[in-house]
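See structure below.
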Amino acid sequence: MKKLLIPVALVALAGAAYLYQQQQPQQTEQPAYNVLNYVPADTAIFTGQLTPFPIKDYLTSIPSFDSQKEILLSEILEEESPAINFAQNILSTYQDALKNPEILSTNFGLADEIRAYFYTIGLLPVFKAEIANPQVLWDFLDKNEKETGFNHIQGKLNEQTYRLYRLTDDSVDADKTINLIIAENNGILTLTITTKGVSEQLLSTALGLTKPVNPISDTSIISDTAKQHNLSKSNIGFINHVEIIKGLTTTDGNLIAKQITELMKEESNESLTMIQNEVCHREFNSIAQNWPRTVFGYTKMDITKEETTMGMSTIIESKNKVILDSLQALRGYIPAYVQGYENKIASIGIAFNVSNLSGSLANIFTDLVTPSYQCLPLHIVQQEIAKGSKPLGIVGMFANMATGIQGLSATIFDYKIKRSDTDTKKVEHLNIDALIAVHAESPKTTFDTLKMMVPGLSQLSLTVDGPSVSLKSMIPFPPEFKEDPQVAIRGNHFVIYNGEIAKKEAENLSNEKLSANGLYRMAFDLSKMMSPIINEIEKAEEDDLPPEVKNLLNYEIRVDTNADINSEGIRFDVTFNTKPAK
């Protein structure tokens, strides 16, 4: 059966050299051989670890999951061949390296710290990474070739030698084969793909022998991107929507377009043909110019063998003022205790200025349906959007009922599980320290609206910063629930809380004024979340937990996520911290 073998060897080798592309910001020395000289400025996809990343320290500080089941390609692909066995050996060694970082140097020839890059030349993917000892890698590949019978072909371009591994099986026609190229030059390992359409000139650029006409190193794209989005210059990546659209909607607008045109000579594509005209190019390009790139990079980096803290950002750039202004108008309030992963188990904040919802949605809807597109695919999408105008009125009606609300939040600060003294398998009591809050311009009005929906609250009267009232006195709870949650209004915040920490944070809300400071925030401490549960399961002698779950107790893992809108676009931030448990 004709089947394209998944190029797992490429993925495994790239993964071993380029895990998460990170580095320590204090290291800024430049390599003698600058890979950026060979990256075209109009690359559609680029990501670069531009300063050395301490890969061994990083792997030492994160959970290794020693008992994780090995991935077997023969089971996934439901077949076996020398090529699959070869890829399996590399993948297995890579998985071993995640548990024992020394394998990176003993089998892959990598240094303790590396730079790495991935980019495209037109459609051609190129991966590069610094390698300390290439011979170690060649010996490792030779050993696996002998064990599996999957051998390389030695190639040469000018004075540069390379290994060629055929990724398609023998049943595929010669002019349709796909090959993996592995080469080393100036201490840089290169992995790329060749097919019939890859010329010697293109391969020469991929191997770092010939510079493109306009390399990215001759521009300020990387430094400007870091400055624009407040990212570390150590690691920058982007997807260029403008170049991708140009490649899809023209026949010769850039290298992508030219390569697609050549491919379509042998096998046409109706979907592409439909948009390769002046009207579609103009209209698709106008959208791409308004949403030019997706950018990603690092905002924080601190890696040692003992602990890793990393901050990462993804930004969908936008120049569409109407949509950005409308989304920014929806930003609401996220309280201080929700932000960050310290001193809590888990928290979530959804900040939404409900008063601006109807107007923002109407503005976004109007922008999406005007002007009327003539390009058929865009016209069809626009018609479908237009059909969604009726629900806007319903949304507006519900928004009016919740007017003034600017956010909802919930946080669990701590919890304890108490089992029965006579039956260890029975949970007798769950003690939870938690706070739920509604943040509103007039929390009393919000509470009065809530009373109409919950009959048990109808007799309750609350005053701003007045005494709290037991929720248990109004709503029946099961006898097993022995907590006494309180209800109160603190400043601009309607709160329900239980526990001493939650009470303190609820009281602090009296001094927190509403402000538009975000859209969404979530954080958790996985170790604090799982430890009581796992410990209680073990006490109950229900030892059927997977080893991977138990292994979580050996590490402290904290995560903080954030979504927001700013003048540059839609931004997503993630910060995580991990270290071995004390």
Accessible solvent surface per residue of the range 108-170, calculated while the other protein chains remain in place, 1.4 angstrom probe, Å²: 44
Heavy atoms of Leu124 accessible to a 1.4 Å probe, total area in Å² rounded to 10: 10
Read-out Cα Rg over 2.2 N^0.38 Å, derived from the coordinates shown; its label in (1) 1.07; (2) 1.22; (3) 1.16: (3)
Under 5 Å, built H, 5+ apart or other chain: amide partners of Phe53: Ile114, Arg115
Charge dipole of the chain about the Cα centre (unit charges at C-beta), most positive-ward option of Thr106, Gly237, Thr190: Gly237
Given Lys246/Lys321; Lys321/Lys444; Lys319/Lys579; Lys305/Lys503; Lys128/Lys227; Lys233/Lys305, the pairs whose alpha carbons are separated by over 29 Å: Lys321/Lys444; Lys319/Lys579; Lys305/Lys503
Over the chain, relative contact order from alpha-carbon pairs under 8 Å, at least 6 apart, %: 14
The range 274-360, accessible area per residue, ligands and nucleic acids excluded (1.4 Å, Å²): 41
Residue-normalised accessible area of the range 181-221, given per residue in Å² at a 1.4 Å probe: 44
Accessible area (Å², 1.4 Å probe, nearest 10) - Lys265: 150
Carbon + sulfur, % of accessible area of the chain - ligands and nucleic acids excluded, 1.4 Å: 56
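The values are calculated or read from the model by the stated rules, or taken from the named source; none is laboratory data. For clarity, every value in this text was computed on a predicted model and none was experimentally measured. Note that each Cβ is placed from the backbone with ideal geometry, even for glycine, and that neighbours are counted across all protein chains shown. Each accessible area value is taken on the protein alone, full model and side chains, heavy atoms only, with ligands, DNA and RNA left out. Shrake-Rupley method; radii C 1.70, N 1.55, O 1.52, S 1.80 Å.
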